[in-house]
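The values are calculated or read from the model by the stated rules, or taken from the named source; none is laboratory data. Just so it is clear, the structure is predicted and the values come from calculations on it, not from any experiment. Here the Cβ is made from the backbone with ideal geometry for all residues, glycine too, and neighbour counts use every protein chain on show.
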Amino acid sequence: MRLNPWDRLATAVPNAAHESWLETVLARNAHTEYLSRYGSPRHQQAFRANVPIVSYADLTPYLESVRSGRGDVLFAGRPIAFERTGGTSGAAKLIPYTAAGLDDFRLALLPWLVETARTHQVRGRVYLALSPATRPAESIGGVPVGLADGAYIGESAGALIQELSVVPFELAGITDVERWRAQTLRHLSAATDLELISCWSPTFLLRLLDELFATGPRDNWVARLRGADIVAAPINTLLEASNDPDVLANGYVTEVDYPKHGKRLKVHGSPWHFSETPAQIGVAPELGADNEAVLGTLGYTQAQIAGLRERKVI
């Protein structure tokens, strides 16, 4: 029996006592300027009671100190890298990372990857994009801005993910957008066993998929997606929709005879099906066909209706 390569990822997950994680973080950073302001809490209860919930804007003075090169401000020591993030609103935000912070990041990311692979029985390959691509080199006070995807995963897990990745990690080093896009799309299009995608931005993924789908005919992509047991359907024109097998099978489009014109035409069917009062799709009345009946209910006599017809009112 062929072993699932994803099972090896579990061996790369760092061991951690989850119940003591917060206490470990607090002890490591108790002497920092920020926590000292709130009494250097060492336990969860003291942390919750004394350290307020704040926004990025509230931390800006501390972040400026970190950016200027000061240590032991928000965390112990100095950052090993910064990362820019747009967040959900406002301008880009600069996030500092420490070596210990990256270790904590892996404590969250790697168990999620392992559990996802187990739950969904993933056996194929992956496309993992944890940080923006094609960024020019940048640094602040000698500290790099931006981290390679491998830095978020760690050395041992990164080696395995690189084996399973449909897109080589080294492509992230390409700074020319068009060249990076072409190479990435080539690898994604050629992959026949891609089962897991995780990207840093939904917008990034949607744009990439738009360009990927543009490399081949629509019907081919629908067939490939359905062949992989992925729910997929084309965006049809009105004419295509009227001939779609699912639309016809559900009665959304039906045919009606028009004897006066000697034609059988397609019309909208009913999207609802009731057992006791089924919809009756019929021919629409001709213009003025119900004039006499309607005027009669309004109190017009036959003579008055005939007079209106003679004067071409109706």
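Looking at segment 198-209, can you tell me whether even one residue there is more than 30 Å from Ser165 (Cβ to Cβ) and either touching an Asp or Glu at 6+ places or on another chain (Cβ under 9 Å) or in the same structural domain as Val167 (by TED's automatic domain parsing) (or both)?
Keep residues of segment 198-209 that are more than 30 Å from Ser165 (Cβ to Cβ), which gives none.
No - not one qualifying residue is present in segment 198-209.
Please work out if His273 is touching a residue at least 12 places away in the same chain (Cβ under 8 Å), in a loop (DSSP other than H, G, I, E, B) and outside the structural domain of Val122 (by TED's automatic domain parsing).
On the way: touching a residue at least 12 places away in the same chain (Cβ under 8 Å): yes; in a loop (DSSP other than H, G, I, E, B): yes; outside the structural domain of Val122 (by TED's automatic domain parsing): yes.
In short, yes.
If Val73 meets every condition in (1) closer than 24 Å to Pro202 by Cβ; (2) touching a residue at least 24 places away in the same chain (Cβ under 8 Å); (3) not assigned by TED's automatic domain parsing to the domain that holds Thr184 apart from one, which number is that one?
In the conditions (1) closer than 24 Å to Pro202 by Cβ; (2) touching a residue at least 24 places away in the same chain (Cβ under 8 Å); (3) not assigned by TED's automatic domain parsing to the domain that holds Thr184, Val73 misses (1) alone.
Working only within segment 72-91, note down all residues that are in contact with a Pro (Cβ under 9 Å, 6 or more places away or on another chain), in a loop (DSSP other than H, G, I, E, B) and within 27 Å of Pro136 (Cα to Cα).
Arg78, Pro79, Ile80
If a residue must be within 33 Å of the chain's Cα centre (by Cα) and either of a type outside the set (Phe, Trp, Tyr) or not assigned by TED's automatic domain parsing to the domain that holds Gly71 (or both), how many such residues does segment 49-58 contain?
Count: 6.
Just to be sure I understand, how many residues within segment 17-41 are loosely packed, with under 14 Cβ neighbours inside 10 Å, in a loop (DSSP other than H, G, I, E, B) and over 37 Å from the mean Cα position of the chain (by Cα)?
3
Are any residues in segment 264-288 surrounded by 10 or more Cβ atoms within 10 Å (Cβ to Cβ) and among the hydrophobic types (A, V, I, L, M, F, W, C), and if so, which ones?
Listed by number, the residues that qualify are Leu265, Val267, Ala279, Ile281, Val283.
Run Thr301 past the list (1) in contact with a Gly (Cβ under 8 Å, 6 or more places away or on another chain); (2) of a type in the set (Val, Ile, Thr); (3) free of Cβ contacts under 8 Å to residues at least 24 places away in the same chain and report the number of the one that doesn't hold.
(1)
Quick one: what pairs do we get from segment 95-109, first residue within 23 Å of Ser65 (Cα to Cα), second surrounded by fewer than 18 Cβ atoms within 10 Å (Cβ to Cβ) and basic (Lys, Arg), C-beta under 9 Å, 6+ apart or different chains?
Ile95/Arg84; Pro96/Arg67; Pro96/Arg78; Thr98/Arg78; Ala100/Arg28
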